[in-house]
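Data first, discussion second: the structure below is written as structure tokens.
The values are calculated or read from the model by the stated rules, or taken from the named source; none is laboratory data. Everything quoted here is computed from the prediction, not taken from an experiment. Backbone-built Cβ (ideal geometry, glycine too); neighbour counts: all protein chains shown. To get the accessible areas, we keep the full protein, side chains included, count just its heavy atoms, and leave off ligands, DNA and RNA. Shrake-Rupley method; radii C 1.70, N 1.55, O 1.52, S 1.80 Å.
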Amino acid sequence: MFDTVAYQSTLLYRDFSAFTSQRLAQLGLHYGVLFLVIYVGKHPGCTQAQLTKALGLDWGYSQRSILKLVEDGFLLRSKQGRAYRLDLSEKGLRAFAVSHQVFGDWDRQALEILDSEEQRQLCRLLRKITEASRGKESE
């Protein structure tokens, strides 16, 4: 049971989540909105529908999270036609930078026991698994 990819990936997820939550808490954010901030940062002017679909979120969760991010000053929401467009505020741009940085920082910390070739091989194998798994979800 404990020597499975599922178990090991769960432990890594918990560690990454805790590490990220600690870093984001300094900005007044939580782990649950990490990918929303990153998505809007990479897709300025996107709509809530685009974000919700791309991240595979529940509409209600997406709506509540976006409104909270707007209220807390991380996102700007502007009406264009029938849709609202989302952009990062100055505060959101700082959060976006930290959100990106946290991935590299955690990798350096977690993977320091591996040499560079082992790190590349691990990433290739994990990508292969996740791509195959996502392909099965869409079937």
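Looking at residue 28, is it within 19 Å of residue 91 (Cβ to Cβ), in contact with a strand residue (DSSP E or B) (Cβ under 9 Å, 6 or more places away or on another chain) and surrounded by fewer than 17 Cβ atoms within 10 Å (Cβ to Cβ)? Taking the combined requirement at face value, the residue does not satisfy it.
Close contacts from segment 68-96, counting a first residue that is within 16 Å of residue 29 (Cβ to Cβ) and in contact (Cβ under 8 Å) with a residue 40 or more places away in the chain and a second that is assigned to a strand (DSSP E or B) and among the polar types (S, T, N, Q), with Cβ to Cβ under 8 Å and a gap of 6+ residues or different chains, come to 86/47. Every condition in (1) in a helix (DSSP H, G or I); (2) open to solvent by less than 60 Å² (accessible area, probe 1.4 Å); (3) modelled with pLDDT of 95 or more; (4) over 25 Å from residue 126 (Cα atoms) holds for residue 38 except the one numbered (4).
Does any residue of segment 79-86 turn out to be over 27 Å from residue 104 (Cβ atoms), in contact with a strand residue (DSSP E or B) (Cβ under 9 Å, 6 or more places away or on another chain) and aromatic (Phe, Trp, Tyr)? Among the residues of segment 79-86, at least one is over 27 Å from residue 104 (Cβ atoms), in contact with a strand residue (DSSP E or B) (Cβ under 9 Å, 6 or more places away or on another chain) and aromatic (Phe, Trp, Tyr), which makes the answer yes. With respect to the conditions (1) assigned to a helix (DSSP H, G or I); (2) surrounded by 11 or more Cβ atoms within 10 Å (Cβ to Cβ), residue 44 lacks only one, and its number is (1).
The C-beta contact set for segment 7-24 (first residue surrounded by 13 or more Cβ atoms within 10 Å (Cβ to Cβ), second residue not charged (D, E, K, R), distance under 6 angstrom, 6+ apart or interchain) comprises 16/106; 17/31; 19/106; 20/31; 20/102; 21/31; 23/102.
Scanning segment 5-32 for residues that are of a type in the set (A, V, I, L, M), in a helix (DSSP H, G or I) and under 24 Å from residue 60 (Cβ atoms) gives a single hit, 24. Just to be sure, is residue 55 in contact (Cβ under 8 Å) with a residue 60 or more places away in the chain and over 14 Å from residue 84 (Cα atoms)? It is false that residue 55 is in contact (Cβ under 8 Å) with a residue 60 or more places away in the chain and over 14 Å from residue 84 (Cα atoms). Within segment 16-26, is even one residue more than 20 Å from residue 106 (Cα to Cα) and of a type in the set (Ser, Thr, Tyr)? Checked against the condition, which is being more than 20 Å from residue 106 (Cα to Cα) and of a type in the set (Ser, Thr, Tyr), segment 16-26 yields no hits at all. Of the residues making up segment 47-56, those that are of a type outside the set (Val, Ile, Thr) and assigned to a helix (DSSP H, G or I) are 48, 49, 50, 51, 53, 54, 55. The criterion of at least 1 residues that are open to solvent by less than 70 Å² (accessible area, probe 1.4 Å) and charged (D, E, K, R) is met, among helices (runs of 4 or more DSSP H) falling completely within segment 57-139, by 90-110.
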